[in-house]
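First the structure, in the form of structure tokens, and then the observations on it.
The values are calculated or read from the model by the stated rules, or taken from the named source; none is laboratory data. From a predicted model like this one, the values you see are computed outputs, not experimental measurements. When we count neighbours, we look across all protein chains shown, and the Cβ atoms used for this are built from the backbone with ideal geometry, even at glycine. All accessible areas refer to the heavy atoms of the entire protein, side chains included, with ligands and DNA or RNA removed. Shrake-Rupley method; radii C 1.70, N 1.55, O 1.52, S 1.80 Å.
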Amino acid sequence: PSRPPENVQAVATSPEVISLSWLTPPKDALNGNLLGFRVIYWANLPDGELGDIRNVTTSKPSLELDGLEKYTNYSIQVLAFTRAGDGVRSEQIYTRTKEDVPGPPAGVKAAAASNSVVFVSWLPPLKVNGIIRKYTVFCSNPHPTVSSEFEAAPDVFFYRIPNLSRNRQYSIWVVAVTAAGRGNGSEIITVKPIAEAPARILTFNRTVTTPWMRDIVLPCKAVGDPSPTIKWLKEINGTPAPVVIDSRRSVHGNGSLVIRTVKAEDSGNYTCVASNSFGSDKTVLNLQVQVPPDQPRLTVTKTTTTSITLSWIPGDNGGSSIRGYILQYSEDNSEQWGNFAISPSERSYRLENLKCGTWYKFTLTAQNAVGPGRISEIIEAKTHGKEPQYSKEQELFTSINATRVKLNLNGWNNGGCPITSFTLEYRAVDSPTWTTAQRTSLTKSYILYDLQEATWYELQMKVSNSAGYAEKRIKFATLSYDGSTIAPLVKAPNVSEDTSGGGEGLKMMVTISSVLVGIIVISTGLLVLRRRRREQRLKRLRDAKSLAEMLMR
């Protein structure tokens, strides 16, 4: 099908379901018997990455997508397909599933900072399922009786609980809250406020992802009594080594490691070690620096007179999902470039409405969260078709009399590309002025009127299409009034001349070159043959001489 389904509508009916409907493409755009529809969809995740690209088929112009991620933005496209293959995809539409209560926080820690204070830290839920409005921290003694609860802002992941009793065991857990309500609680942990508390790190082991060329902060929040000292190590060839502090790397007073203008080589495992007089602790942060994607490998898979189909294999995504492609194209002799934005799920693209018989050049660039990557190698392809030609099997002159000539123009072959212009001019051979007879579309025949009797004329035609042009020149003579022919031209006999894009000079050069090459090859062959005959004659003389010497002995 050459057109996509129309009026694609999507409505989220629950936190896990999106209802879709659309209109079938017009019959004249199906180009065959409709077999069904294919829905392509993927999740746009909160961290900027893309979920798996999925597709489902249906025979009806509606569908329910179920089992989706809660409160997640989905990109959706629809296409029709026939036995010949998939048609054109609809434009991307975006729909978010409804909000729900969040999942439990992914982790929770608690550590004593003194004999009356503990700190609690937590990770956001793996399934947020909406917009976190706040966190609630629960503290009980004994469990499950809640003695205290505290609220924390949605972008804060630690809390200080004061005024606790020394050496008394407390149970701690955390709950996330969205507009849909309070989610399940985290795991329950226990902690005792004590004096001379050993160093403990509240930061979790995790992966930190950042685009290159930005500043990044690796946190290391530690507590203890007395306050711990912080040391950072980076794993080099499997062995941790102290982080070099320089103009790009520094450690803040709160223990965080700051790396400015991160580069790909900054990726790796960083270990924070906290220690005081009563103990030590460590946590490992894996830093992954995202870079622009590598160049895709672009190829041409199909050409017609007006279209070129390209396909590609993506390169390395640079640590971030490919978010789309930019296809650029230009006519071979033009500096003007056009471009198309292509969805990340595509692996091929067909450019329509191109010029017939024309060379084009193409490049493709992938984009991820960091930005556009390296441009692919420029490839070239030509649409089918060539410049016009006049068939040698067709006679140009249908009839000639004293004042009129009828021309047969059926001999013009358009080369597979529509004729865009046709010019016919003529003049008497002794006149410098050309008369333009026609500057319109090419017709089957044409008649030249009001010619002079018994006169030699020169006729030239120029026919153009998008692939190029061709010219045909020929001399002819009108008859005398009594119908008799006139004497031929002395200096210029009647000749027929065809040119196509000015290529006669090239043909002559090729012919002369071919003759010269032939002469060289023949001369070389004769020299080789003469040398062989001379060597054979010398051999016979040597053999005869040896035989004579043997007989004399």
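Observations, loosely collected:
- With every protein chain in place, the chain: carbon and sulfur % of accessible area (1.4 Å): 50 percent
- Take the stretch 238-355 with all the other protein chains still there, run a 1.4 Å probe, and you get 51 Å² of accessible area per residue.
- For the stretch 1-69, the list of chymotrypsin sites (Phe, Trp or Tyr not before Pro) that fall in a loop by DSSP and count at most 12 other C-beta atoms within 10 angstrom is empty.
- Note on Phe150 and Arg182: their simple-model spin labels are 1.7 nm apart, each label 7 Å out from Cα toward Cβ.
- Taking other residues whose beta carbon is less than 15 angstrom from the beta carbon of Ile172, and scoring Lys, Arg as +1 and Asp, Glu as -1, yields +2.
- Protein heavy-atom accessible surface, 1.4 Å probe, per residue over the stretch 78-215: 50 Å².
- Using a probe of 1.4 Å, the accessible surface attributed to Asp100 totals some 40 Å² when neighbouring protein chains are kept in position.
- On a per residue basis, the stretch 22-76 carries 55 Å² of accessible surface, using protein heavy atoms and a 1.4 Å probe.
- FRET efficiency for the pair Asp316 and Leu126, taken as 1/(1 + (r/R0)^6) with r the Cβ-Cβ distance and R0 = 30 Å, rounds to 0.65.
- Within the chain, percent of DSSP bridges classed antiparallel, to nearest 5: 95 percent
- Karplus 3J(HN,Hα) series, Hz, for the stretch 233-248 with 6.51 cos²θ - 1.76 cosθ + 1.60 (x for Gly, Pro): 10, 10, 7, 10, 6, x, 10, x, 9, x, 5, 6, 8, 8, 5, 9
- Shown is the FRET efficiency for Ile326 and Thr301, computed with R0 = 22 Å from the Cβ-Cβ distance and rounded to the nearest 0.05: 0.70.
- Between Gln460 and Ile447, the contour length at 0.36 nm per residue exceeds the alpha carbon distance by 3.3 nm.
- Dipole of the chain, positive direction: furthest Cα of Val17, Val137, Leu287, with charges on the beta-carbon: Leu287
- Cβ-Cβ distance of Asp66 and Gln169, R₀ of 45 Å, FRET efficiency by 1/(1 + (r/R0)^6): the value works out to about 0.45.
- Summary of the geometry: the stretch 259-331 and the stretch 54-105, compared by the centres of their Cα atoms, lie 26 Å apart.
- Segment Asn401..Thr58, full-extension length gain: 116.4 nm, with 0.36 nm per residue of separation and the alpha-carbon distance subtracted.
- Among the trypsin sites (Lys or Arg not before Pro) in the stretch 340-448, those placed in a DSSP loop whose Cβ has at most 15 other Cβ atoms within 10 Å are Arg347, Arg374, Lys392, Arg404, Arg439, Lys444.
- Placing unit charges on the Cβ atoms of the charged side chains and taking the dipole of the chain about its Cα centre, the candidate lying farthest along the positive direction among Phe158, Tyr74, Gly268 is Gly268.
- When semi-axes √(5λ) of the Cα gyration tensor in Å is calculated for this entry, the matching label among (1) 36, 35, 30; (2) 83, 40, 20; (3) 30, 30, 25 is (2).
- Ranking Thr440, Ile313, Ser399 by how far each Cα lies toward the positive end of the dipole of the chain (charges on Cβ) leaves Ile313 at the top.
- Considering helices alone, the calculated mean residue ellipticity of the chain at 222 nm is -3500 deg cm²/dmol, with DSSP H runs of length four and up weighted by -39500 (n - 2.57) and normalised per residue.
- Distance in nm between pseudo-label sites at Val258 and Ile419 (7 Å out along the Cβ direction from Cα): 7.6 nm
- The stretch 260-356: chymotrypsin sites (Phe, Trp or Tyr not before Pro) in DSSP loop, at most 14 other beta carbons within 10 Å: Trp337
- Label-point separation in nm, Ser19 to Ala195, each point 7 Å along Cα→Cβ: 6.8 nm
- Residue-wise HN-Hα couplings along the stretch 270-281, as the Karplus relation 6.51 cos²θ - 1.76 cosθ + 1.60 with θ = phi - 60° gives them from phi, are 10, 10, 9, 10, 10, 8, 9, 5, 10, x, 9, 8 Hz; Gly and Pro carry x.
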